[in-house]
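A short write-up of the structure that comes next.
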Amino acid sequence: MDRVIRRTGWDKDSTTDNGNRFLTANGYMGIRGTLPEYGRNELAAINLAGLYHKVGNGWRESLNAPNPLYVLHRVDGVACTPGVMPYASHEQALDITRGLHTRSTVFDLCVLRDERFCSMDNPHLLCLRSELTGIRGAADTDARTDSDIWEIYGPHYNHVESGADKGVIWVLAQTDTGQQVAVARRGTLAEDAESRVYTCCAAIYTSLDCQNPLAAAIRALDDADYDILRRAHTAAWAALWQCAEVSIDGDPFAEEALNYSLYHLLSIAPRHAASLSVPARGLSGQTYKGAVFWDTEMFMLDFYLAVQPQAARACVRYRIDTLQGALDKAAEYGYRGAFYAWESQEGGFDACSDYNVTDVFTGRPVRTYFRDRQYHITAAVVYGLMKYTRWTKDMSLLLDGGYEVLAQSARFYLSLLWQKPGSRTYQILGAVGPDEYHEKVDNNAYTNEMARWTLLTAAEVLAEMKGSHPAAYAALEQKIGFERELPLYKRASARLKEKKPGKDGLIEQFDGYFALEDVSVDTVRGRLMDPREYWGGANGVAAHTRVIKQADVIAMLYMLRGRYAGKTTRANYDYYEPRTEHGSSLSACMYALAACMMERPDAAYPLFMKSAAADLAGGGKQWAGLVYIGGTHPAAAGGAYMTFLYGFLGLEIRQGLPVLHPRLPEGWKSASCKIQLGGFEYTLKAKADGSRTAIKAPL
Ligand code: BGC
């Protein structure tokens, strides 16, 4: 594979989109795809994974590091940057095969080329080479560590010091709660009359890594050499692509978009850590507080399981390790068991605020119920844990805390149930389902069914545990005393209210949904008085209508596939799709998967492309009320992969073996990819004529 994403020409308004589009990352950090001479005004950022801080009453968010790769050249005092110095051509590019960000600008007074990467070989390292040639005038170069960084709810660092040590320039930034971010760089400038080449190798360590991050960062640059690091970096990318690349014969656009999506997922995979998950906006900045949502388990995990199992493990491990946060959150609301964080930060702390949207007209915070009522998050955690266990057959996570997660999750749903006096039926009241525009609804089909699935799964898996791992079972029983609850799991799952398909096959999204105003998405959009207005909540334009934000019933039909008849999927798809705004990037792929289940690959195709190209195309929603929500969309990328693998190739695992049921979109001659399963690597290939192969090779 040799694939480069390019954008030629320059316009100021594309800066934010390009920052996302050209992101380079390695799981530890993400460098936004901004030009090396850019700073906070252009949203330049080096976003760090897993490190969070809060200032005053602002939102607690992930930290951005000072930027050691800042460089600005000037000729005759004029800054070499588009928009300041006239230029004849400008190109920004991302080599997704090698993880290299490049720019090339032919200015009136010089030619500027630079290349930047954050090492896939050593997660602490990042490098830049910037070459100014054909200089016509007196040149100077300002290369430094830019500590004036972009932050949404900063400033996070209350103490920043810098110094030099044997050719290494360092900055140590500290928060008032003791976090340290150390950034060291070694830069050299080679110059003659017509050219200057600035080369910089830099290292970042934080207090999450070790006791003395500054010493570690300085030491990391001991033998740093740009070319050697570049070779190790591109070799690491080559090894990743060896398994991850997908091929689509007959559709170069889809092939490019899907591989580009996989580039993002590979870039942000927590490969370096044993217990870390992926934020909803990847490592593209502090949007969504750098927090982890259900996006990881429901949309990204499938890709990681298939090609990066150790990253999948780190994500699942993260949930096991954050169980205490979930127990604390449940207790806070008066529930029992594990109520996982809607916006999870370290330790399972829920960063989601009670006022998570700001009203565009009044500037006032709007009460939202994402944190307290998206009960389905706990089911997503269990779904992810079981997906991992069933795919890998690795029992170690279950044994090392996973069984406890199961029991505590079932316990949570037990404590959530409500029983009307005199009725046998249990209900879940006041929920927020995936469709966040309708808040505090009773018996949301998705929530109830995922809760039922969790209760049944816990009952089944914990019963098996008693036979297969009696000592672990006894220890868990002693720790949390769950055994007497086991019969209740089953009883609760049998009595929990089911939103059954009606005569027309339709499943009502929640009690009373069918009584809401039935208008089109366009009509609702037409009622907006400001394009940034929030559609949900008490006064949102969609709240009193049947228009929904994202796949809800359809997400349920996909997640619990096999339980519903094909005609149910068809009826609900045809009903809900036109009523869906697709206001979340998580939506289109769920409909695409459902369309494939209905053997309608051509209906799936545009929805698949929308997901696969989310960050390539750019645009998308940037605002929820007055809150900036831009960034990359890894869940859409993961959803596109799921559509490819389970939808178009029709992969199912039967008795541990891959079985394909191809339904390729029109124009696709063949499609292929590799997956790791049961200790082997399989090359899967499906052709338009329906033929398919799964060739097995040792890992
Ligand atoms: C969606 C959620 C999603 C979150 C983060 C929201 O807009 O409604 O389902 O988890 O974004 O991607």
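The values are calculated or read from the model by the stated rules, or taken from the named source; none is laboratory data. Keep in mind that what you see is a predicted model, and the values were worked out from it rather than measured. Ideal geometry is used to build each Cβ from the backbone, glycine not excepted, and the neighbour counts take in all protein chains shown. Side chains included, ligands, DNA and RNA excluded: accessible areas come from the protein's heavy atoms. Shrake-Rupley method; radii C 1.70, N 1.55, O 1.52, S 1.80 Å.
Tabulated data
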quantity: Residue range of the chain that is longest and free of GluC sites (Glu not before Pro) which are both DSSP loop and sparsely packed (at most 16 other C-beta within 10 Å); calculated: 195-497
quantity: Carbon/sulfur fraction of accessible area - the chain, other protein chains in place, 1.4 Å, %; calculated: 50 percent
quantity: Intensity falloff of segment 35-181 expressed as log10 I(q)/I(0), Debye formula with alpha-carbon point scatterers, at q = 0.11 Å⁻¹; calculated: -0.50
quantity: Relative contact order, percent, segment 209-337 [alpha-carbon distance under 8 Å, six or more residues apart]; calculated: 17 percent
quantity: Selection of trypsin sites (Lys or Arg not before Pro), segment 438-477, meeting DSSP coil and at most 14 other Cβ within 10 Å; calculated: Lys440
quantity: For segment 553-605, convex hull volume per residue from C-alpha positions, Å³; calculated: 67 Å³
quantity: Whole-angstrom gap from segment 310-377 to segment 555-584, using each part's C-alpha centre; calculated: 26 Å
quantity: Reach of Lys479 by Cα under 16 Å, taken over lysines that are not fewer than 8 positions away in the same chain; calculated: Lys466
quantity: Two-site label geometry, Ala471 and Asp522: point separation in nm, points 7 Å out along Cα→Cβ; calculated: 6.8 nm
quantity: Spatially proximal lysines relative to Lys549 (Cα-Cα < 27 Å; intrachain offsets below 8 disregarded); calculated: Lys289, Lys329, Lys387, Lys440, Lys497, Lys499, Lys500, Lys503, Lys567, Lys610, Lys621
quantity: Segment 518-638 - accessible surface per residue (Å², probe 1.4 Å); calculated: 35 Å²
quantity: Degrees between helix 470-480 axis and first principal axis of the chain (Cα, 0 to 90, nearest 10); calculated: 90 degrees
quantity: Computed FRET value (nearest 0.05) for Met1 with Trp418, which takes r as the C-beta separation and R₀ as 45 Å; calculated: 0.25
quantity: Aspartates and glutamates with Cα under 18 Å of Lys420, excluding same-chain neighbours fewer than 8 positions away; calculated: Asp442, Glu498, Asp511
quantity: Principal axis dimensions, segment 258-359 - Cα atoms, whole angstrom, descending; calculated: 44, 35, 20
quantity: Separation between Cα centres of segment 610-638 and segment 159-195, rounded to whole Å; calculated: 33 Å
quantity: Lys/Arg +1, Asp/Glu -1 at C-beta; segment 421-556 dipole; positive extreme among Ala451, Met556, Ser493; calculated: Ser493
quantity: Average accessible surface area per residue within segment 356-468, 1.4 Å rolling probe, Å²; calculated: 32 Å²
quantity: Segment 209-223 - phi-based ³J(HN,Hα) in whole Hz, Karplus 6.51/-1.76/1.60, Gly and Pro as x; calculated: 8, 6, 5, 10, x, 5, 4, 5, 5, 5, 5, 4, 9, 3, 10
quantity: Point-charge dipole on Cβ atoms (K/R +1, D/E -1) for the chain, about Cα centre, debye to 20; calculated: 2200 debye
quantity: Rel. contact order, % - alpha carbon contacts under 8 angstrom, at least six apart, the chain; calculated: 12 percent
quantity: The chain, helix-only ellipticity at 222 nm - DSSP H runs n ≥ 4, -39,500 (n - 2.57), divided by all residues, nearest 500; calculated: -9500 deg cm²/dmol
quantity: Simple Cβ-charge dipole of segment 524-606, Lys/Arg +1 and Asp/Glu -1, about Cα centre, in debye nearest 20; calculated: 200 debye
quantity: Separation of alpha-carbon centers, segment 433-453 and segment 48-100, rounded to whole Å; calculated: 41 Å
quantity: Under 10 Å, Cβ to Cβ, from Leu229 - net charge with Lys/Arg +1 and Asp/Glu -1; calculated: -2
quantity: Charge tally in the Cβ shell below 13 Å around Arg600, where Lys, Arg are +1 and Asp, Glu are -1, Arg600 excluded; calculated: -3
quantity: Modelled label reach - Ser89, point 7 Å along Cα→Cβ, segment 105-138 residues with backbone N closer than 14 Å; calculated: 105-108, 111-113
quantity: Cα pair count fraction exceeding 52 Å, expressed as % - the chain; calculated: 10 percent
quantity: Relative contact order (percent, whole number), segment 12-66, Cα cutoff 8 Å, 6+ residue spacing; calculated: 25 percent
quantity: Solvent accessible area, Å² - Thr683, 1.4 Å probe, full protein context; calculated: 50 Å²
